[in-house]
Each structure stands twice: as structure tokens, then as C-alpha cells.
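The values are calculated or read from the model by the stated rules, or taken from the named source; none is laboratory data. This structure is a prediction, so every number in the text was calculated from the model and none was measured. We place every Cβ from the backbone using ideal geometry, glycine too, and count neighbours over all the protein chains shown.
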Amino acid sequence: MAHLKFEEVYEMYFKDVYKFMLSICHNEQMAEEITQDTFYRAMQNFEQFRGECKIQVWLCQIAKHTYFKYKKKQSKMVDMYDIQENYDESIEVTYLQKERIFELHKVLHCLSEPYKEVFSLRVFSELSYKDIGVLFSKTESWARVTFHRAKLIVINKFKEENNDEDIL
């Protein structure tokens, strides 16, 4: 395909892939780095894209694999991204908001797969149920049911850990 065509794909989907990565790694710098690497890999293999799924789903699959490869390489090193993220936190965020966000992420971290990833894809990456189903090689209905179950688990665990307080 023409180079201009890939530039259009980059402009159309960069933000979506970035949001997807941010929902997985919760680190802006890491998400941007992996997103850039994702598009580099996609550009190298753009001619091989068969169109069996939406290009957004294809890019997210590349991003997910890139992230796992990156984490495997970094597993023995100190995560400087986490240190930088803590340093860069906005002053505007109140203590209570930080605490709530932390509690929510603790609950999400405790979810088993596929609930954790389906919940993150739907809430943080705003993917459709159909696209989530394609990512997992399942049906749209499976994605809906899995998300609903994950949401119930998150709500119940959050209430348990926070003395029946509402999430918001």
C-alpha cells in the first residue's frame, strides 16, 4: 500500500492505540513509546494486513504484543517510568481522588483474565464489544457478558474494600 495511506492510518488511529496502551500500562511515557513502536512495526508489515479485522483491532493486537515483549525485557530493570510518573503527578489532584483511583486500580489489578483486560479495553480504550470480541477471537455477546461480569466484580470488590462506599 502507498506510504500516504499508512500516514492516514497513523493519523486516524494513533490516539486510539495510545489510549489502549495507557489503559494497560497506566504510564503516559511508556504508552507513547510503545504506541510509536507499534506503528513502526505496523508500517513494516502494512503490506501483510489482510483486512480480516478492523485496522484498529490489528493495531491494538500489535500494541499488546509489543507491550508484553517490552515488559519481558524490562522485568529485571528498575522501572524508571514509575519513578517519573510519581514525580510528575499533577498538584491539582486531591488526596481523596488519589486514594479512590488507587483503590480502583488495586481492585482492577486483582481481577483475573479475561475480566481485567476486557474491562480496561471497554472503559479506558473505549473499544466496542465487537472489537473486543475480535481481539479475543470470541463473539460480541461474549465481550458484553464478560464486561458485565467484570463490572459487577469491580463494584462489589470496591464496596468490600471501602466499607460499602460508592465508587464515585
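Can you give me the number of residues within the range 104-146 that are more than 21 Å from residue 28 (Cβ to Cβ) and acidic (Asp, Glu)? Residues meeting the conditions: 3. Output the residues belonging to the range 17-27 that are more than 10 Å from residue 121 (Cα to Cα) and at pLDDT 90 or above. Passing the criteria: 17, 18. Within the range 118-142, the set of residues being outside any loop (DSSP other than H, G, I, E, B), under 17 Å from residue 58 (Cβ atoms), of a type outside the set (Val, Ile, Thr) and in contact with a Phe, Trp or Tyr (Cβ under 9 Å, 6 or more places away or on another chain) comprises 121, 133.
Evaluated against (1) under 20 Å from residue 128 (Cα atoms); (2) at pLDDT 80 or above; (3) loosely packed, with under 13 Cβ neighbours inside 10 Å, residue 51 falls short on exactly one condition, (2).
Would you point out the residue of the range 13-27, among those that are without any contact (Cβ under 8 Å) to a residue 60 or more places away in the chain and in contact with a helix residue (DSSP H, G or I) (Cβ under 8 Å, 6 or more places away or on another chain), that is nearest to residue 109 (Cα to Cα)?
In the first step, residues of the range 13-27 are kept if they are without any contact (Cβ under 8 Å) to a residue 60 or more places away in the chain; the result is 13-15, 17-18, 21, 25, 27.
Filter once more, keeping what is in contact with a helix residue (DSSP H, G or I) (Cβ under 8 Å, 6 or more places away or on another chain): 13-14, 17-18, 21, 25, 27.
Working: 13: 27, 14: 26, 17: 21, 18: 20, 21: 16, 25: 11, 27: 15 Å.
Once the filter is applied, the top-ranked residue is 25.
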